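Novice: Provided herewith is a single structure, encoded as C-alpha cells, for subsequent inquiry.
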Amino acid sequence: MSTILLVEDDAADARLLQRAFGKAQVALPVTLLNNGDEAVAYLAGSEPYGDRVQHPLPSLVILDVKLPRRSGLEVLEWIRSQSNGIRRVPVVVLSSSRQPSDINRAYDLGANSYLSKPESSEDLLDIATLFRRYWLEINQNPREIL
Amino acid sequence: MNAAAADRPILLIEDSDADAALLTRAFTRVAQNAVVHRVRSGEDALAYVMGLKEYGNRSKFPEPGLVLLDLHLGDLGGLQILNVIRHRKGVARVPIVVLSGSAHEDAVSAAYDAGASSFVVKQFEPEQMEKLARAIVSYWLEFNQVPERVITK
C-alpha cells in the first residue's frame with residue numbers, strides 16, 4: 001500500500017487537510033511530516049524511515065513552500081535531482097502564496113502542479129475531492145518509484 | 001476559479017483527426033468558454049508554443065493555459081516535444097497533460113522524465129471522454145495556478 005506524503009509544518013492546516021481527505025474518501029493513507037529535512041529523509045529511506053513496509057514510498061507528494069530546516073522548494077529540487085525513480089513522483093505544491101514569482105519558481109524546479117491553500121472548509125473539501133479524483137483515479141502515476 | 005488559466009486556450013497536439021474531433025467536442029462541451037486550438041504535428045506544436053510563423057499573432061493564437069499532448073505523433077514523437085518545451089526558456093512552465101492510448105509502465109515513466117505534468121489514458125466512448133475532459137478542465141483550468149504569462153519577452 002502506498003501513501004500520500006504531506007509535508008506541512010502548520011499543525012492546524014495539516015489536521016484540516018487530513019480531515020478533508022477523510023471526508024472526500026481518499027483511500028490512501030496520509031503520511032504527515034512537518035519539515036523539509038524529514039521529507040528528504042523519508043524519501044531517501046534514511047533512518048528512522050528505512051523500513052519500506054512501514055514507510056512506503058508515496059504515490060504523490062504534497063508540499064507546503066514555507067517549511068522549517070529545508071523549504072518545500074528545496075525538497076522539490078532534491079526530488080528532481082535523484083538518479084532513481086523517486087525523481088518522477090508527482091509533486092503538488094500547496095501554498096498560501098499567489099505570487100507569480102513563487103508560482104514560477106515552483107514550476108522551474110519541476111512541480112507538477114501548484115494549488116493555493118483554500119480559505120474555507122468547503123473549498124478544502126473541494127480540493128480534497130479533486131485530489132482524489134484527479135491524482136488517484138485519473139492520473140497514471142509512475143510505478144517505478146524505487 | 002483561476003481566471004488566468006481559464007481565459008487561455010487549450011492547445012491540443014493530436015495527429016489523428018478522429019481523436020482530435022472527439023477530444024475537441026468533449027472539452028468544448030464541458031467548458032463552454034473553452035477554446036481548443038488543435039495542431040497536427042510536432043513541428044506546428046513547437047511553432048505554436050514559441051509563437052513562430054502565423055502563431056506569432058497572439059490575439060489570434062493566445063498562449064495556452066494547458067497543453068494536451070498525444071504521445072504518439074507522426075513526425076516528432078510526443079516525448080521529444082515535451083523535452084523541447086521543458087528546456088525552452090519562457091514556455092517551459094506550461095502544464096502539459098500527456099494523453100495516451102495505453103498506460104504502459106515504461107511510457108509513463110519516460111513521459112514524467114521528459115517533464116509531463118500528468119499522464120492520462122484517452123477514452124474512446126464519448127461519455128467517458130467527457131467525464132475525463134471535465135476532470136482535466138476542473139483540475140488544470142479552474143484550480144491549478146499557472147504562471148501569469150507563459151512566454152517572457
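Novice: Could you list, in sequence order, the residues of the stretch A:99-110 that are more than 9 Å from chain B (Cβ to nearest Cβ) and free of Cβ contacts under 8 Å to residues at least 12 places away in the same chain?
Specialist: Hits for the stretch A:99-110 are A:Gln99, A:Ser101.
Novice: Provide a single number: the residues in the stretch A:1-19 that are part of a helix (DSSP H, G or I) and either without any contact (Cβ under 8 Å) to a residue 40 or more places away in the chain or surrounded by 19 or more Cβ atoms within 10 Å (Cβ to Cβ) (or both). Even if it seems obvious, please write down each step before you answer.
Specialist: Applying the first criterion (part of a helix (DSSP H, G or I)) to the stretch A:1-19 yields A:11-19.
From what's left, either without any contact (Cβ under 8 Å) to a residue 40 or more places away in the chain or surrounded by 19 or more Cβ atoms within 10 Å (Cβ to Cβ) (or both): A:11-12, A:14-15, A:17-19.
The number of residues fulfilling the criteria is 7.
Novice: Here's another thing I want to ask about it. Is it fair to say B:Val94 is part of a loop (DSSP other than H, G, I, E, B), touching a residue at least 24 places away in the same chain (Cβ under 8 Å), within 23 Å of A:Leu125 (Cα to Cα) and of a type in the set (A, V, I, L, M)? Walk me through it before giving the result.
Specialist: Working: part of a loop (DSSP other than H, G, I, E, B): yes; touching a residue at least 24 places away in the same chain (Cβ under 8 Å): yes; within 23 Å of A:Leu125 (Cα to Cα): no; of a type in the set (A, V, I, L, M): yes.
No, not satisfied.
Novice: Scan A:Ser96, A:Ser113, A:Ser81 and give me the residue that is over 15 Å from the mean Cα position of the chain (by Cα) and either within 10 Å of chain B (Cβ to nearest Cβ) or hydroxyl-bearing (Ser, Thr, Tyr) (or both). Outline the logic, then answer.
Specialist: Details: A:Ser96 fails: over 15 Å from the mean Cα position of the chain (by Cα); A:Ser113 fails: over 15 Å from the mean Cα position of the chain (by Cα).
It is A:Ser81.
Novice: Name the single residue, out of those in the stretch B:50-72 being among the aliphatic types (A, V, I, L, M) and out of contact with any strand residue (DSSP E or B) (no Cβ under 7 Å at 6 or more places or on another chain), that is modelled with the highest pLDDT. Show your work before the answer.
Specialist: Here is the first cut: in the stretch B:50-72, the residues among the aliphatic types (A, V, I, L, M) are B:50, B:52, B:66-69, B:71.
Restricting the remaining residues to those that are out of contact with any strand residue (DSSP E or B) (no Cβ under 7 Å at 6 or more places or on another chain) gives B:50, B:52.
Values: B:Met50: 87, B:Leu52: 91.
By that ranking, first place goes to B:Leu52.
Novice: Can you tell me which of A:Gly22, A:Gly110, A:Gly72, A:Gly85 is out of contact with any Cys (no Cβ under 7 Å at 6 or more places or on another chain) and crowded, with 21+ Cβ neighbours inside 10 Å?
Specialist: Values: A:Gly22 fails: crowded, with 21+ Cβ neighbours inside 10 Å; A:Gly110 fails: crowded, with 21+ Cβ neighbours inside 10 Å; A:Gly85 fails: crowded, with 21+ Cβ neighbours inside 10 Å.
The unique qualifying residue is A:Gly72.
Novice: Need the failing condition index for B:Ala116 against (1) touching a residue at least 60 places away in the same chain (Cβ under 8 Å); (2) within 11 Å of chain A (Cβ to nearest Cβ); (3) hydrophobic (A, V, I, L, M, F, W, C), just the number.
Specialist: B:Ala116 satisfies every listed condition except (1).
Novice: Against the conditions (1) within 14 Å of chain A (Cβ to nearest Cβ); (2) farther than 24 Å from A:Tyr107 by Cα; (3) out of contact with any strand residue (DSSP E or B) (no Cβ under 7 Å at 6 or more places or on another chain), where does B:Ala103 fall short? Just the number, please.
Specialist: That leaves (3) as the condition not met.
Novice: Next up: For B:Leu23, state whether it is outside any helix (DSSP H, G or I) and touching a helix residue (DSSP H, G or I) at 6+ places or on another chain (Cβ under 8 Å).
Specialist: In short, no.
Novice: Ok, one more. Can you name the residue in the stretch B:41-60 that is in a loop (DSSP other than H, G, I, E, B) and at negative phi and, of all such residues, is surrounded by the fewest Cβ atoms within 10 Å (Cβ to Cβ)?
Specialist: As a first pass, look at the stretch B:41-60 and keep what is in a loop (DSSP other than H, G, I, E, B): B:41, B:51-52, B:57-60.
Adding the requirement that they be at negative phi leaves B:41, B:52, B:57-60.
Values: B:Ser41: 16, B:Leu52: 12, B:Asn57: 10, B:Arg58: 10, B:Ser59: 5, B:Lys60: 9.
Ranking the qualifying residues of the stretch B:41-60, first place goes to B:Ser59.
Novice: Given the condition in a helix (DSSP H, G or I) and more than 29 Å from A:Lys117 (Cβ to Cβ), answer yes or no: does some residue in the stretch B:29-40 qualify? Break it down stepwise before answering.
Specialist: Pass one, the stretch B:29-40, residues in a helix (DSSP H, G or I): B:29-30.
Still in the running and more than 29 Å from A:Lys117 (Cβ to Cβ): B:29.
So far as the stretch B:29-40 goes, yes, one or more of its residues are in a helix (DSSP H, G or I) and more than 29 Å from A:Lys117 (Cβ to Cβ).
Novice: Turning to a different aspect of this structure: Which ones in the stretch A:51-69 are part of a loop (DSSP other than H, G, I, E, B) and crowded, with 16+ Cβ neighbours inside 10 Å?
Specialist: A:His55, A:Pro56, A:Leu57, A:Asp64, A:Val65, A:Leu67
Novice: Scan the stretch A:20-39 residue by residue and report those that are out of contact with any Lys or Arg (no Cβ under 8 Å at 6 or more places or on another chain) and either without any contact (Cβ under 8 Å) to a residue 24 or more places away in the chain or under 16 Å from A:Ser121 (Cβ atoms) (or both).
Specialist: Passing the criteria: A:Ala20, A:Gly22, A:Lys23.
Novice: For the condition modelled with pLDDT under 90, under 17 Å from A:Ala106 (Cα atoms) and under 14 Å from the mean Cα position of the chain (by Cα), what is the one hit in B:Ala116, B:Ala92?
Specialist: Testing whether each residue is modelled with pLDDT under 90, under 17 Å from A:Ala106 (Cα atoms) and under 14 Å from the mean Cα position of the chain (by Cα) leaves just B:Ala92.
Novice: Got a sec? Which of B:Ala133, B:Ala111 is within 19 Å of A:Leu130 (Cβ to Cβ), more than 7 Å from chain A (Cβ to nearest Cβ) and crowded, with 20+ Cβ neighbours inside 10 Å? Walk me through how you get there before you give the answer.
Specialist: Numbers: B:Ala111 fails: within 19 Å of A:Leu130 (Cβ to Cβ).
Among B:Ala133, B:Ala111, only B:Ala133 is within 19 Å of A:Leu130 (Cβ to Cβ), more than 7 Å from chain A (Cβ to nearest Cβ) and crowded, with 20+ Cβ neighbours inside 10 Å.
The values are calculated or read from the model by the stated rules, or taken from the named source; none is laboratory data. Everything quoted here is computed from the prediction, not taken from an experiment. Cβ coordinates were reconstructed from backbone atoms using ideal geometry, including for glycine residues, and neighbour counts include every protein chain displayed.
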